[in-house]
1. For chain A, what is the charge dipole size about the Cα centre, in debye to the nearest 20, if Lys and Arg each add +1 at the Cβ and Asp and Glu each add -1 at the Cβ?
2. Leaving out ligands and nucleic acids, and using a 1.4 Å probe, what accessible area per residue does the protein assembly as shown come to in Å²?
3. How well do other chains shield peptide C:501-513, expressed as the mean number of their Cβ atoms within 10 Å of each residue Cβ?
4. Give me the compactness ratio for chain C, meaning the Cα radius of gyration over 2.2 N^0.38 Å.
5. Rounded to the nearest 0.05, what FRET efficiency do C:Lys566 and C:Gln484 have when you use their Cβ-Cβ distance and R0 = 22 Å?
6. Would you please name the trypsin sites (Lys or Arg not before Pro) within the stretch C:346-401 that are DSSP coil residues with at most 12 other C-beta atoms within 10 Å of their C-beta?
7. Which of B:Cys202, B:Cys148, B:Cys53 ends up with the largest GNM mean-square fluctuation for chain B, with Cα atoms connected below 10 Å?
8. According to the Kirkwood expression over distinct Cα-Cα pairs, how big is the hydrodynamic radius of the stretch C:264-336, in Å?
Amino acid sequence: MMAFFARFTLTGPSNWIIQRITAIVMAAYLFFIVGFLVINPALTYDQWSALNGLLSMRIFTLVTIAAVAFHAWIGMRCVLTDYITVRLIGPKANGVRNVLQLGLGFIILLYLMWTIKILWGL
Amino acid sequence: MLNVSIYRYNPEVDDEPYMQDFQFDTEGKDIMVLDVLEKLKIQDPSLVFRRSCREGVCGSDGVNISGKNGLACITPLSEAVKGNKLVIRPLPGLPVIRDLVIDMGQFYAQYEKIQPYMINNSPAPAIERLQSPEERAKLDGLYECILCACCSTACPSFWWNPEKFIGPSGLLQAYRFLADSRDTATEERLANLDDPFSVFRCHGIMNCVQVCPKGLNPTKAIGHIRNMLIRSAT
Amino acid sequence: MGSLRKMSFDAVIVGGGGSGMRAALQLAQSGYNTAVITKVFPTRSHTVSAQGGITCAIASDDPNDQWQWHMYDTIKGSDYIGDQEAIEYMCQTGPEAIFELEHMGLPFSRTEEGRIYQRPFGGQSKDYGAGGQAARTCAAADRTGHALLHTLYQGNLKNKTVFLNEWFAVDIVKNADGAVVGVVAIDIETGETVFVESKATVFATGGAGRIYASTTNAHICTGDGVGMALRAGFPVQDIEMWQFHPTGIHGAGTLVTEGCRGEGGYLINKDGERFMERYAPNAKDLAGRDVVARSMVLEILEGRGCGPDGDHVYLKLDHLGEEMLNSKLPGILELSRTFAHADPVKEPIPVVPTCHYMMGGIPTNVDGQALTIDREGKDKVIEGFYACGEAACVSVHGANRLGGNSLLDLVVFGRASGIFIEKQLSEGITLKEATEADIQRAMVGLNRINQSSDGENAAVLRAELQTIMQNYFGVFRRGDYMKQGIEKLDELRLRVENVYLDDKSNSFNTARLEALELQNLFETAYATAISAEGRTESRGAHAREDFQERDDENWLCHSIYFPGSKEIGKRPVNFTLKTREPFEPKIRTY
């Protein structure tokens, strides 16, 4: 499973496609939320709660957060491999980058699980 | 008098590089930046720069002129001088050997990586391989590259990853062979480029397009390669 | 001084331009350990500036075209001192060499049939001059040299040729037998001097247009090969024959291809008259380059020049239309806008005859073997030494080169040298090893510069040399002027030998290179001066006011300049063709 993900998120074309697809998902979610707020200027807690109680809405939110997770993973990895390199900061770069990457992956996973916990009230 | 400020560094003498100021009399003429360098070299023969054709086709004298990469021989002072000051530095991002001369090893290594030669293993005909004018037109805007490195050394992605990102110049040449109807190694070429760095570190900043002295468009060529890679991956 | 580091190769090619890389390619393909010494990265060599194309009878424009017609044109163009055997070989082998380049990927422009596009160039005819203008110059837009040079570099990369990029060859190393066994060269980046030993040393060092003040040639065209050969005591041939290209941009010197006139452009004087109709009623603007250049100078001298000083003429292209100019002559539009501040789509380009090509050079046979003349006046091969391209005089251009023939020359004879050396290497070459003294002899010039403590700056001396050559040995020449010029050169020689190098550092010291180049320029210029003064006739590019006629009785021959005695001798022109009767000299009209 991890190997599959590693390979999947490592090739150039899949990275590129994932970044675009996840961007579309995030944009769609943003538009939806902003639109919902504009249509309901006097939003009440009940309305908001009802919306987020819908199974479809919860799936939409989860998919979006998953998209954020992928997007952040690929984007941040790109930043790390640009700046934390042997050429720029010396031989310790690979170790430092791996640690940072591991930390990044851990945080992203944590956020993802936290989202599930919130959405399904586990 | 024009104030000319030039990056100087001689590894045998200087601990670190410095900017040296010269006063230069243009005699009111709009000459080229290379003419200024040539005249200054008569004053100070230790000033070092590369030059050859002096007409913008050999690609020797790529330098950073008042902040923008370009060829000294075809950049007139009227374009280069800002507030009576001309600042000439080596192309950024690659190691400096001396003064305005950089070590282009990494740039050439990326060029060599893309297999910059025709691959067609079918037996050659007795005459030329035929190619229609339309097929040939696809090479326009690609084959004219003069390997001056103005584009690649203006590219932040190349600054960060000169060992792994091919860079705009190399990719333009990669596409020159992908686009050639006579070349049969499309799959092999794409396979060589299929990783997160070689092509996909291009983030469409387009500095390359802005500085290319031959008016070429590497970003567009990179877009074509990217689309070919995605199509072959899906 | 300790002994130098030594590097050894089967073959060393000095010069990374078209002919050098074609020779290298041939040798690398057959697996020989081949190195190219080049003072600039190969694609920065002057071949890159060639524009219009490469002339060759590939029968694309005219399916009935024949290489024999091309041979006739070339012999006539040479004013009959081109060696017919060599011209025959070039024209006959040409198509094969062109198709090889195409197969290597050279992006030629194309016809509707998908074949290589050919355009008309000066001096081209069908049916031995009887069939009108031919279109025989194969073109990649107006960037043929660029396309050719890059393709050859790419071919060499593919075949893993060793490139000693940014290395400068200083002088020839000869062994006890007088054979060439390599060169002493400087690694420019580090300043290290190395003895590069080789079983075959090929000089593909290009021309020396920088001996003139106004030239289309790159800064790097300093006659390094000719200079080295002369210092080694070897002769040069027909070195008085310098082509002045009709259309260099006035003031800047940059080349405007003859292809402009091939595509329908023409020259006009200040009255707007198409004056070439008077000088060459049939070929008009597409007469031989020597004829057009002289006609232009006459127009200017007779007061019909253009501009405030009346010192140039115009090349008119605007009638050809923007679309055509964009597709066929895009590079010219760029150059003219940049250097002449004239947009050819709307206005004519100011042009003037400008030094362009050295027809003479190191005499060689068809296999690229360099020749000298023995005591009996017979050709003698110099063991281990080869030359090709502009540095060589094989001689296919004689007294005047036709446009598009230089690229063919360098491809065909680069290839021929490679093939011949390949054969020799396979049969085994044994040359005596150079002794320490032999190597030190090649270091004399460099040592003198490195130890110089006073004297003049190379750039100042170079400018003086260029002015002398421009004033005394230009398009039109006169004996008494040339004698004055030679006196001035004699005076300059001492100062050139005493050139001062202030900066003695090692790392990328271009001042040192310029001092060395100055010596090469001077040797070439001096040989030119002596030969020009000695040839008492007018032939091809060599036009004398005091000897206005061609003198076949005395001068239907090559001149040979010997550096030891600083005198010229004569060498017979080759009049043997394998495929037909030779072409006898005729009066040359266009």
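1. 440
2. 38
3. That works out to 5 on average.
4. Cα Rg divided by the expected 2.2 N^0.38 Å: 0.91.
5. 0.85
6. For trypsin sites (Lys or Arg not before Pro) across the stretch C:346-401 that sit outside H, G, I, E and B with at most 12 neighbouring Cβ atoms in 10 Å, the list reads C:Lys346, C:Arg375, C:Lys378.
7. Checking each option, the largest mean-square fluctuation is seen for B:Cys53.
8. 13.1
The values are calculated or read from the model by the stated rules, or taken from the named source; none is laboratory data. Here the structure is a predicted model, which means the values were calculated and not measured. No Cβ is skipped: glycine too gets one built from the backbone with ideal geometry, and neighbour counts run over all protein chains shown. All accessible areas refer to the heavy atoms of the entire protein, side chains included, with ligands and DNA or RNA removed. Shrake-Rupley method; radii C 1.70, N 1.55, O 1.52, S 1.80 Å.
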